[in-house]
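Contents: one structure, followed by commentary.
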Amino acid sequence: MVARRWIDPDARDYVLEHGRPTADATSTSLVYLRLATERGSCPVLPSLGSRFHEIRKVTSSTPRALEAYAREAVADLIASGRIRSVTIAGSVDGDRMAVVVSFRDRAGQTQLVRFSRRVG
């Protein structure tokens, strides 16, 4: 039986089952949390999160910046071995920027996390 995610990337909220958060057998919530949190917004862990909020306008280099910021955000998970075989793709559509992170978790299962937000 596969456990459901703590954080549903589509709803951007905790997944509840019988009124309680469900267990996360994968690292998807850890990756999503790092992408969704603004780097520097947590005083106790100033290096937690991404720098996506620093992108103020779309340029030809925005997708590459997204990929670099995403890799920086999940670097601790890569270094600890919690995720491996990581591929990151950044894209822009109008005023929305998106990142897709694909990786293998400790169980060897391929996981996919999508994150998007408005530019600025």
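Using a 1.4 Å probe over the heavy atoms of the protein chains, calculate the carbon and sulfur portion of the accessible area of the chain as a whole percent.
Answer for the chain is 51 percent, counting heavy atoms of protein chains only.
With an 8 Å Cα cut-off and a minimum separation of 6 or more residues, compute the relative contact order for segment 15-120 in percent.
Once divided by the residue count of segment 15-120, the mean separation gives 25 percent.
Once you place label points 7 Å from the Cα toward the Cβ at Ala75 and Leu112, how far apart are they in nm?
Each label point is offset 7 Å from its Cα along the Cβ direction, giving 2.8 nm.
Each label point is 7 Å from the Cα along the Cα-to-Cβ direction; what then is the distance between the points at Val119 and Thr22, in nm?
3.6
With a 1.4 Å probe and all protein chains in place, put Ser41, Ser116, Ser29 in order of accessible area, largest first.
Listed by decreasing accessible area, they come as Ser41, Ser116, Ser29.
Can you compute the radius of gyration and Dmax for segment 22-114, using only the Cα atoms, both in Å?
Taking only Cα atoms of segment 22-114, I get Rg and Dmax of 13.3, 40 Å.
Over all distinct alpha-carbon pairs, what is the Kirkwood Rh of segment 13-76 in angstrom?
Taking the inverse mean of 1/r over all distinct Cα pairs, segment 13-76 comes out at 13.3 Å.
The values are calculated or read from the model by the stated rules, or taken from the named source; none is laboratory data. Keep in mind it's a predicted model, so treat the numbers as computed, not measured. With ideal geometry, Cβ positions are generated from the backbone for all residues, glycine too; neighbour counts draw on all protein chains shown. Quick note on the areas: whole protein, heavy atoms, side chains included, nothing else; ligands and nucleic acids left out. Shrake-Rupley method; radii C 1.70, N 1.55, O 1.52, S 1.80 Å.
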